[in-house]
Every structure is written in C-alpha cells, then in structure tokens.
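Report on the following structure.
Please treat every number below as a calculation from the coordinates, not as lab data. Everything numeric in this text was worked out from a predicted model, so none of it was measured. A quick note on method: Cβ atoms are made from the backbone with ideal geometry, for glycine too, and the neighbour counts reach across all protein chains shown.
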Amino acid sequence: MSAASARTLLRVDDLSILDGQDRVLVQNVSLSVDEGETVGVVGESGSGKSLTLRAIIGILPSTLHTTGSTTLTQTEPGAQAAAMVFQEPGLALNPTLRVGRLLQLTWKKHHPGCSDKEAKAAAIGLMSDVGIADPPSRFDAWPHELSGGMKQRIAIASALACEPGLLLCDEATTALDVRVQAQILALLQTLVTERGLGMLFVSHDLAVVSSVCERIIVMRNGVMLETGRTEDVLTRPQHEYTRALLDANLSRRMHAATLGEVMR
Ligand SMILES: Nc1ncnc2c1ncn2[C@@H]1O[C@H](COP(=O)(O)OP(=O)(O)OP(=O)(O)O)[C@@H](O)[C@H]1O
Ligand SMILES: [Mg+2]
C-alpha cells in the first residue's frame, strides 16, 4: 500500500488521562496510525502505555477520565474499528469455552444473521489464518490444553473476528518464550501486511518494538518523550532516557548471548 493512499486509522490529539483526584496519569499524548503501519510505544513500567491503549479502545476504569480526542476509523460497515490483544492469553480466553466455539460466538456477535454453520467455517478459517495446524481437530480444544503461543494465536484470531482495521497489542508477546515470541511477532507482521491493518504495539522491550515498528514513541511518567522513525530513534536518540533504554537493551542482549554461550 503506497503511503499516499493509506487511510489514517487512528488519530489521538492531546490525550490526557486523569484519576478521580485530577492527578494526571497520561499527559498530552498525540499520535496516529495509518493502514499497513505499525507504530510502537515503549517505556518502563508505569509510563502510561496500557492506559493510553485502554483510552483509545474505550475500556478505561470508570474512576479515570480523559481530555483531548481520539478518532478511530471504521474500515468496513459493521466492522469494529479496533481490537486489542493482551499480554496474558490465558486470562483473555474464557476457560469454560472450547477455543473454536469462542471464535464461532465472537464471529456471530459481529456478524448478526450469520448461521452457526457459517460462523463455524469462519472460526476454522481464522484458526488457519493465525497459523494453527489442522484447525478442525483443534476446534474443540479447551484453552488449558493449548501452549502459551497457541493460546495467543487464538486470542489474535478472536481479535480478528471483529474484523478490525486496527490492532492494539499490549505486551502481546511479553509472556512468551523468545522462540514463540518471534513466531507471534512474525504472525502479527504478516497480518498487518496482508490485511492492510494498522497496529499500535506496546512493549517495555525496545528491541522487540524496534524489530516490528516503523515508528516509535518513547513514553515515561505519562509523557511522550520522543517519537520518530525507528531507525532515527535508535541511531540518533534525542533524549537521555531513550539512550538509557538503548544501553539497557544492549547489555541485556549481551547478557543473554553470554548466557547462551555458557549453556552451550
Ligand atoms: N485504575 C487506575 N487508577 C489510578 N491510577 C492508575 C490506574 N491504572 C493505572 N494507574 C497508574 O497510571 C500509571 C500508568 O499505568 P499504566 O498501566 O498505563 O502503565 P504501563 O506503562 O502500561 O506499565 P507496565 O509496563 O507495568 O504495564 C501508573 O502510575 C499506574 O499506577
Ligand atoms: Mg501496561
């Protein structure tokens, strides 16, 4: 998709999030995501990443309120503008619903008038789209019977059942081991490319964010410290905090590499 023809799926202008005592938790965040684009939000714990995503999709706790504006573009009539993928697929999936049934019900909810049979076919199609081998044989699996990576694939399929233009991923690969993390990142990238989705990808891990995002936003204490093309932020960080994040990532990678050497 050429940049000229890409629609803007999300525009956030001067978003602030405040608690009941008017304490500012997130301050004046502005960002946008276009079709086919992945934008990363990185920052330490408590920097306001999750609250920003929750405000965008409208699931903030009722004790918090916002100022500023958030505009989501609906890409298809009847489709949901955005859907979210969370860190813990085990918590996101209903333990009392077989995974295929969950997808079938989610599909039906978003496609009123569709028959059980059509919804089941759509659910099996979604399982295949997210890389689950032999979907009919997995249709009746319980969530607890699946690995963490498989569960996250089902959670992603559940998000896709709403046919969103925009995927909001909140630490969607953080709970997974490195190998599975790489597989899920590859899946998300494929979905963005093939379906022309936009993705807002939140992680505390700069290396993960920079591996999938064209643009990065660095947050700390509820404030956007800097934003730019990934390459520019990595090679010419403007802020001391971003430099510290880069250094921390580098030393962690070196530590992991050393650990790998030791274990070999
Ligand atoms: N319901 C709430 N009421 C009051 N303060 C809250 C609430 N939820 C979060 N906060 C505060 O808002 C700030 C931002 O929280 P948020 O969960 O967005 O951080 P985060 O960047 O997602 O962190 P993490 O990497 O740990 O997930 C934190 O200081 C947090 O304590
Ligand atoms: Mg969070």
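What is the spin-label model distance, in nm, from residue 147 to residue 24 if the labels are put 7 Å beyond Cα along the C-beta direction? Roughly 4.6 nm, to one decimal. If I fit a long axis through the Cα atoms of helix 116-129 and take the longest principal axis of the Cα atoms of the chain, what angle between them do I get, 0 to 90°, rounded to 10? On a 0 to 90 degree scale, this one is about 40.
Within the chain, what percent of beta bridges assigned by DSSP are antiparallel, to the nearest 5?
Values: 20 of 39 bridges.
Rounded to the nearest five, the antiparallel share is 50 percent.
Neighbour counts of C-beta atoms inside 10 Å place 233, 192 in the sequence 192, 233, starting with the fewest.
Starting from 0.36 nm per residue, how many nanometres of slack lie between residue 133 and residue 94 once their C-alpha separation is accounted for? Working shown, then result.
Numbers: separation 39, 0.36 × 39 = 14.04 nm, distance 2.14 nm.
Length gained, residue 133 through residue 94: 11.9 nm.
Shape summary of the chain, radius of gyration then Dmax from alpha carbon positions: 19.0, 59 Å.
Between residue 64 and residue 5, the contour length at 0.36 nm per residue exceeds the alpha carbon distance by 17.6 nm. Extending 7 Å from the Cα toward the beta-carbon at both residue 74 and residue 240 defines two label points whose distance is 4.8 nm. Here the label points at residue 226 and residue 101, each 7 Å from Cα along the C-beta direction, are separated by 5.2 nm in the simple model. Annotation: for a label point projected 7 angstrom from Cα along Cα→Cβ of residue 248, residues of the range 183-224 with backbone N closer than 12 Å are 204-207, 219-221. Multiplying the residue separation of residue 121 and residue 178 by 0.36 nm and subtracting their alpha-carbon distance yields 17.3 nm.
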